[in-house]
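A.B. asks: So that we are looking at the same thing, I have put the structure below in structure tokens.
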Amino acid sequence: MAEKRAVETRMSKKRVAILISGRGSNMAALVEAAKAKDYPAEIVLVLSNRADAAGLDHARKAGIATAIVDHRLFGEDRAAFDRALDAQLQAHQIDIVCLAGFMRLLTPAFVERWTGRMLNIHPALLPHFKGLDTHRRALEAGVKQHGATVHFVVPEMDSGPIVAQGAVPVREGDTEDSLAQRVLEVEHRLYPHALRLVAEGRTTFAAASGKEPSR
Ligand code: GRF
């Protein structure tokens, strides 16, 4: 019975691509989580717009296919860059895309094509502190709670329906680095949890937008 369940999970696992531009610690957390037999997703592709992204090595060592789509080759033509991304995703029969420190803005056409199937992790409790330098701005604002958010991606940056959030306290004497570190630990637990919810269909775009009840 247990064996049958394991086979069923394996057969129905969602095929996931992770898009990175740098360190890739969230990617590594997702890769680690997906090693569990009962995890509903497998990481089949790690794609970067930079050949020197440190996370690529980690992915290669884990035996995961990697691809590089260098945005500089496309100049100002964002649509052509996004079509090249999409071609990679189609070639690997991707079901769900996870942005994890992917530092390119995506065109509305690309985002719309992946609506409900593309997630991002943002290092703040959205809707607060959209954009860059979230930890510095949180310290400047004097908030007592900070954290991270996984959300569905929509054309407007850092604005899609929220899948999951994790909060951390802001402590007296925190620096940008100490706060970033505390948030990152939460990110590494949050993203695998959020991807599980979406891969199992327990959270959908419509439910997260408040347009239908979640299961
Ligand atoms: C993370 O803080 C994530 O929230 C943000 O970019 C950073 C990426 O870090 N979107 P890593 O590459 O996953 O280590």
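A.B. asks: Which of (1) out of contact with any strand residue (DSSP E or B) (no Cβ under 8 Å at 6 or more places or on another chain); (2) assigned by TED's automatic domain parsing to the domain that holds Leu56; (3) not acidic (Asp, Glu) is the odd one out, the single condition Gly131 does not satisfy?
C.D. replies: For Gly131, the failing item is (2).
A.B. asks: Considering region 139-156 alone, what residues qualify as being in contact with a Leu (Cβ under 7 Å, 6 or more places away or on another chain) and either within 12 Å of the ligand (Cβ to nearest atom) or over 18 Å from Phe102 (Cα atoms) (or both)?
C.D. replies: Selection gives Leu139, Gln145, His146, Gly147, Ala148, Thr149, Val150, His151, Val153.
A.B. asks: Taking region 30-66, which residues are surrounded by 20 or more Cβ atoms within 10 Å (Cβ to Cβ), of a type in the set (A, V, I, L, M) and not in a loop (DSSP other than H, G, I, E, B)?
C.D. replies: Leu30, Val31, Ala41, Ile43, Leu45, Val46, Leu47, Leu56, Ala59
A.B. asks: Next question. Considering only residues that are farther than 23 Å from Asp133 by Cα and either surrounded by 19 or more Cβ atoms within 10 Å (Cβ to Cβ) or among the charged types (D, E, K, R) (or both), which ones fall in region 183-193?
C.D. replies: Matches in region 183-193: Pro192 only.
A.B. asks: Residue pairs, Cβ under 9 Å, 6 or more apart or interchain, first in region 35-55 and at pLDDT below 95, second buried (at least 21 other Cβ atoms within 10 Å of the Cβ). List them.
C.D. replies: The qualifying pairs do not exist here.
A.B. asks: Follow-up question, since we're still on this one. List, please: which pairs have Cβ atoms under 7 Å, are six or more places apart or on different chains, and start with a residue in region 99-116 that is in contact (Cβ under 8 Å) with a residue 60 or more places away in the chain and end with one that is in a helix (DSSP H, G or I) and open to solvent by 10 Å² or more (accessible area, probe 1.4 Å)?
C.D. replies: Matching pairs, first to second residue: Ala100/Asn26; Gly101/Asn26; Arg104/His71; Thr115/Phe205; Gly116/Phe205.
A.B. asks: If a residue must be away from the ligand (no atom under 13 Å from the Cβ), in a helix (DSSP H, G or I) and either within 20 Å of Met118 (Cα to Cα) or at pLDDT 95 or above (or both), how many such residues does region 1-29 contain?
C.D. replies: So the count comes out to 1.
A.B. asks: Which residues, counting only those in region 117-162, are open to solvent by less than 20 Å² (accessible area, probe 1.4 Å) and β-branched (Val, Ile, Thr)?
C.D. replies: Ile121, Thr134, Thr149, Val150, Val153
A.B. asks: Can you tell me which condition Glu42 does not meet? The list is (1) within 16 Å of the ligand (Cβ to nearest atom); (2) acidic (Asp, Glu); (3) touching a helix residue (DSSP H, G or I) at 6+ places or on another chain (Cβ under 9 Å), and all the others hold.
C.D. replies: (1)
A.B. asks: Would you check if Ala180 is buried (at least 21 other Cβ atoms within 10 Å of the Cβ), closer than 23 Å to Met27 by Cβ and either small (Gly, Ala, Ser) or more than 15 Å from the chain's Cα centre (by Cα) (or both)?
C.D. replies: Spelling it out, it is not the case that Ala180 is buried (at least 21 other Cβ atoms within 10 Å of the Cβ), closer than 23 Å to Met27 by Cβ and either small (Gly, Ala, Ser) or more than 15 Å from the chain's Cα centre (by Cα) (or both).
A.B. asks: Shifting gears a bit: Please specify each residue of region 80-116 satisfying the condition of being open to solvent by less than 40 Å² (accessible area, probe 1.4 Å) and part of a helix (DSSP H, G or I).
C.D. replies: Ala80, Phe81, Asp82, Ala84, Leu85, Asp86, Leu89, Phe110, Val111
The values are calculated or read from the model by the stated rules, or taken from the named source; none is laboratory data. Fair warning: this is a prediction, and the values are worked out from it, not measured in the lab. Counting neighbours? That spans all protein chains shown, and the Cβs are built from the backbone with ideal geometry, glycine included. For accessibility, only protein heavy atoms count, side chains too; no ligands or nucleic acids. Shrake-Rupley method; radii C 1.70, N 1.55, O 1.52, S 1.80 Å.
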